[in-house]
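What follows is calculated from the coordinates using simple rules that are stated; it is not laboratory data. If you're wondering where the values come from, they're calculated on a predicted model, not measured in any experiment. Neighbour counts are summed over all protein chains in view; Cβ atoms, including those assigned to glycine, are modelled from backbone coordinates with ideal geometry.
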């Protein structure tokens, strides 16, 4: 059953709808035009479509590239971040020379090079409850390529309030989820997940990592779904959650029902405006989400002096085995998640210094051990990253 | 009834890195009970302290959400697949609203 194309409504500032393609466009899109499923009619729909991409990173890169390549007439790119060296492992809209530049601007430059005929706007702004409705209203379809829960709920709610489809994709390490929210009889994000996970209750720490190509696959599927909505062809993912397991190379299809009691899109809407999503997700600001544990600390330089002096210190490393292989301080490795079960390996009569990558996991370890009765235990402030910065720059940072 | 429980990536670390586990169970609740008995660390990620399924975790029998069936009392039959589908947000370090790195 194919889904209807979202009717294209012209906003006051918009150009009138295009009714023809130039000869150059006909040549550029010839591989679309010779397909009966697209043809001139479909290509004109693409030319007249206005799609807003939230995020220009791992998911946004393939999304932007394929939507630009397909000739979507107007693309908006929302991203307030700058290109970081570690992004290049997966954010393929950027090159090494873009490090330090605004992501939205760098993506716009790349997409404009790919397709100079379309209109591309960069919005170097953080999406918030204060600007989302205004930003979304001139676009037909919103594509969610973000990386945090508060923004996901914000995008969802803004789309439902405005009646716009939300092509959703999300990833974690080797897994992806894709669906289309916000269609008239379809579910919304809150139907699937009424509440976000509270911070602190997540698998290990946020060091999930991701195989770079995974958002490439998921973002490409989002681009495909967006194009299908625009040209009105094929079976959309409305009402279906596509699960992708890259390691097993399996796609699975789960039914996504509209929740009749959904506070946003159900029969009795109780949410009529955008809320404070950080509060909803239990996050107090971006800088310090979740509680910081206060424990006794030792600075890297002090640890170095004490080791050089011959002090009998036991170094406990609470990172994961694969991190130990990147770099280590010859510590005894007990991953944080295993500490409760392996606490008997530690001698509470010895002075212990716990460390991890940047000091947060090890702070939790020290807190746990103090509560378990350990009295001579310190947290290495700043973790192995600080050790690299302040004591031994040959230790790689990651 | 022999059922297979699919374990999603974010939770595999608590299940001995397994991506699935098989149990004999008459209902979804029973299967999840076996799962969290075998892999104790999974319990707090799936259930609240008073034993309710966490709201950011969805459970499916084959392709149907148990919230629209009989929830944890949904009966299972031989060959059914139970999928646990947690909320995921992205590949960045802010994926779960936690600070970058630890």
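Rounded to whole Å and sorted largest first, list the principal axis extents of the Cα atoms in the protein assembly as shown.
The Cα atoms of the protein assembly as shown stretch 81, 58, 39 Å along their principal axes.
Relative to the present Cα-Cα distance, how much length would full extension add between residue A:85 and residue A:322 at 0.36 nm per residue of separation?
Taking residue A:85 through residue A:322 to full extension adds about 83.2 nm, to one decimal.
When the helix-only estimate is applied to chain A (DSSP H runs of n ≥ 4, each -39,500 (n - 2.57), divided by the residue count), what is the mean residue ellipticity at 222 nm, nearest 500 deg cm²/dmol?
Only helices count here, giving -9000 deg cm²/dmol.
If you count, for every residue in A:144-152, the Cβ atoms of partner chains within 10 Å of its Cβ, what is the mean?
Neighbouring Cβ atoms belonging to other protein chains average 5 per residue here.
When all C-alpha to C-alpha distances in region A:297-390 are sorted into bins of 10 Å, what percent of pairs does each bin hold, rounded to whole numbers?
All Cα pairs, binned at 10 Å, distribute as 18, 56, 26, 1 percent.
Would you mind calculating the gained length between residue A:128 and residue A:294 on full extension (0.36 nm times residue separation, minus the Cα-Cα distance), in nm to one decimal?
56.6 nm
Can you tell me the orientation of helix A:60-70 relative to chain A, as the angle in degrees between its alpha-carbon axis and the longest Cα principal axis, to the nearest 10?
Result, in degrees: 20.
Can you report the principal axis dimensions of region B:2-86 using only the alpha carbons, biggest first, rounded to whole angstrom?
27, 24, 19
Estimate the FRET efficiency between residue A:376 and residue B:17 by the formula 1/(1 + (r/R0)^6), using the beta-carbon distance for r and 45 Å for R0, to the nearest 0.05.
The formula returns an efficiency of 0.85 here.
On average, how many beta carbons from a partner chain sit within 10 Å of the beta carbon of a residue in B:43-56?
2
Quick one: in region A:82-203, what % of C-alpha pairs are over 27 Å apart?
That tail contains 27 percent of the Cα-Cα pairs.
Pull up the DSSP beta bridges for the protein assembly as shown and report the antiparallel fraction as a percent, rounded to 5.
The answer is about 50 percent antiparallel.
Please work out the FRET efficiency for the pair residue A:390 and residue A:273, using the Cβ-Cβ distance as r and a Förster radius of 56 Å; give the result to the nearest 0.05.
0.70
Could you sort the peptides A:163-169, A:40-46, A:345-351 by per-residue average Cβ neighbour count (10 Å cutoff), highest mean leading?
Averaged packing, sorted descending, gives the order A:163-169, A:40-46, A:345-351.
Quickly rank A:311-319, A:114-122, A:95-103 as a protection proxy: mean count of other C-beta atoms within 10 Å, highest first.
Output ranking for A:311-319, A:114-122, A:95-103: A:311-319, A:114-122, A:95-103.
Identify which of A:172, A:136, A:374 has the largest mean-square fluctuation in a Gaussian network model of chain A, with springs joining Cα atoms closer than 10 Å.
Of A:172, A:136, A:374, the most mobile in the Gaussian network model is A:374.
If all Cα-Cα distances of region A:23-280 are sorted into 5 Å bins from 0 onward, what percent lands in each bin, rounded to whole numbers?
All Cα pairs, binned at 5 Å, distribute as 1, 6, 13, 17, 20, 18, 14, 7, 3, 1, 0, 0 percent.
Pairs of Cα atoms under 8 Å, at least six residues apart: use those to get the relative contact order of region A:23-280, whole percent.
19 percent
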